[in-house]
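The values are calculated or read from the model by the stated rules, or taken from the named source; none is laboratory data. Since this is a predicted model, take the numbers as computed values, not measurements. As a convention, Cβ positions derive from the backbone with ideal geometry for all residues, glycine included, and neighbour counts pool all protein chains shown. All accessible areas refer to the heavy atoms of the entire protein, side chains included, with ligands and DNA or RNA removed. Shrake-Rupley method; radii C 1.70, N 1.55, O 1.52, S 1.80 Å.
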Amino acid sequence: MLKIDVPSLIIAMTFNLSIMALALPYFMGRVNRAARYAQVGIVLQTAGWISLLLSSTCERGGWADHLLSTVAMGCVSSGMVFNAIAFELWCGRKPAARTPAVIALLMTVGYGIGFSSYPFRVGWANGLLALQIATVVFTLCRTPQVPVGRWRWLLVISLSIQMVVLAWRAVLGAFYTAEFPNFFSPNLVNQVFALSSNAMMVLSVVAILLAHRDEAARELERLATLDGLTGALNRRAWLQQSCIDLASSMRYRHPVGLLMLDLDFFKQINDTRGHAAGDHALQFFVTGLRAVSRVGDTFCRYGGEEFCVLLNCADLDSVMAYDDRLRQWLAQHSARELGFGLSYSAGIAMCVHDTDTVSTMLQRADVALYKAKSQGRGCAVAG
Ligand code: GH3
Ligand code: MG
Ligand code: MG
């Protein structure tokens, strides 16, 4: 007949968890903060399970059993804290897990002190572990700050099952001790626990890998929209955003302006001060754009030393005012930051026809920019 052998299941799970704890950091390679927390979480959980298995080989109730069991509780519960921090980071929130951490501390200390009473220690440890998981499930159910995949629900389901089984064990251990004589006895709750722990271990690792992949994809997407040198939007991302903004502004009959900016005599800066100084000047210029831009202004590095700004809900006066603010900002900061003055020429195009598109506005701004250059540079011309 088929039999669920609790000790073998727990040993197999600990063995698999140990392999995972060693293999993940190696195979995942260089990872960011969230994945590192998750990896430490798995290492701690593994250490906890190993301690628990070792404690069962010691004299029952002796000092070694007491010590190893307490260490096991500390490791398992603090492992959950690290995992909770990883989940928070993956959901785009600050790395906070104060409640699970307080529960972990309380549980371990209480367990160590009350070890001699079997009903107390089993009820206490399982009850608080269930509560700790409940807090983690609760935070996982909150709306994430960034778009995240379905791995969140995988965790919610597997953690919830584990929570119910732990709570069940807590009640049995504390109030029906005869039915729960020890961790390895072949009763139903232990068999369910051994099976669900195995499943939960596999599902958690899958969820961690999915969350990690999710984040890597988000980072790639972010990098694909930004200019590597300045951190401004790149031309493709800006065009995409500007087309959406322009369509929406035209629908509500809001004025829209487009500024095309080109740094003056930039080649000279490279030639006389070096390419690094030129790069620094480009980054500095973007700092200026950031400083003077307001909600609704979207700028990008259009290419080389050219930048474009789309100003939503801005008439010609507002666009001129933007240009003024930028020139003032540069006049105030460039000597101190760069050691030389930085000036630019600008072409302005307003959205004037129903048939206007970003592309037609860019063409008019380009012609106006050419005029600004031929008028002696350092000025803005409206096309
Ligand atoms: P004008 O006033 O007519 O615009 O003169 P200019 O020298 O600014 O114009 P030109 O188009 O001749 O030179 C642009 C220079 O910008 C040439 C190119 O080497 C430099 N440049 C483009 N991209 C970068 C970059 O990423 N870093 C640095 N340092 N220089 C760049
Ligand atoms: Mg140029
Ligand atoms: Mg130039």
Inset, instruction - Take every Cα-Cα pair in segment 144-206 and report what % of them are more than 13 Å apart. - result: 65
Inset, instruction - Sort the following peptides by mean Cβ neighbour count (other Cβ atoms within 10 Å, averaged over residues), highest first: 197-205, 15-23, 128-136. - result: 128-136, 197-205, 15-23
Legend entry - Fraction in percent of alpha-carbon pairs per bin - 5 Å, segment 182-314: 2, 9, 13, 13, 11, 9, 8, 6, 5, 4, 4, 4, 5, 4, 2, 1, 0
Inset, instruction - Quick one: Debye curve from the alpha-carbon atoms of segment 35-125 only, equal weights, vacuum; give me log10 I(q)/I(0) at q = 0.18, 0.21, 0.24 Å⁻¹ to two decimals. - result: -0.76, -0.93, -1.10
Inset, instruction - Tally up the carbon and sulfur contribution to the accessible surface of segment 283-382 as a whole percent, 1.4 Å probe, everything protein left in place. - result: 51
Inset, instruction - Kindly report the accessible area of the chain per residue (heavy atoms of protein chains, probe 1.4 Å, no ligands, DNA or RNA), in Å². - result: 50
Legend entry - the chain, relative contact order [Cα under 8 Å, separation at least 6], %: 12
Legend entry - Total charge dipole magnitude, segment 143-222, about the Cα centre, Cβ charges on Lys, Arg, Asp, Glu only, Debye to nearest 20: 80
Inset, instruction - Post the alpha-carbon centroid distance, segment 47-106 to segment 279-353, in whole angstrom. - result: 54
Legend entry - the chain: antiparallel DSSP beta bridges as a percent of all, rounded to 5: 85
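Over all directions, average the projected area of the Cα convex hull of the chain and note it in nm².
Directional mean of the projected Cα hull area for the chain stands at 26.6 nm².
If you place +1 on the Cβ of every Lys and Arg and -1 on the Cβ of every Asp and Glu, how big does the dipole about the Cα centre of segment 290-383 come out, in debye to the nearest 20?
Here the size comes out at about 360 debye.
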Legend entry - Helix axis angle, 188-225 relative to the chain longest principal axis, alpha carbon, degrees: 10
Legend entry - Principal axes of segment 103-155: Cα extent on each, largest first, Å: 48, 17, 11
Legend entry - Angstrom value of the Kirkwood radius, inverse mean 1/r, which spans all Cα pairs in segment 117-267: 20.3
Legend entry - Packing-based order for 77-84, 260-267, using average beta carbon neighbours within 10 Å, highest first: 77-84, 260-267
Inset, instruction - Can you check what the Kirkwood hydrodynamic radius comes to for segment 31-76, Cα pairs only, in Å to one decimal? - result: 11.1
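In segment 1-152, carbon and sulfur make up what percent of the accessible area (probe 1.4 Å)?
Details: 5360 of 7790 Å².
That fraction is 69 percent.
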Inset, instruction - Grab the eigenvalues of the alpha-carbon gyration tensor for segment 247-366, scale each by 5, take roots, and send me the semi-axes largest first in whole angstrom. - result: 29, 15, 10
Inset, instruction - Quick one: work out the % antiparallel among DSSP beta bridges in segment 272-383, nearest 5. - result: 65
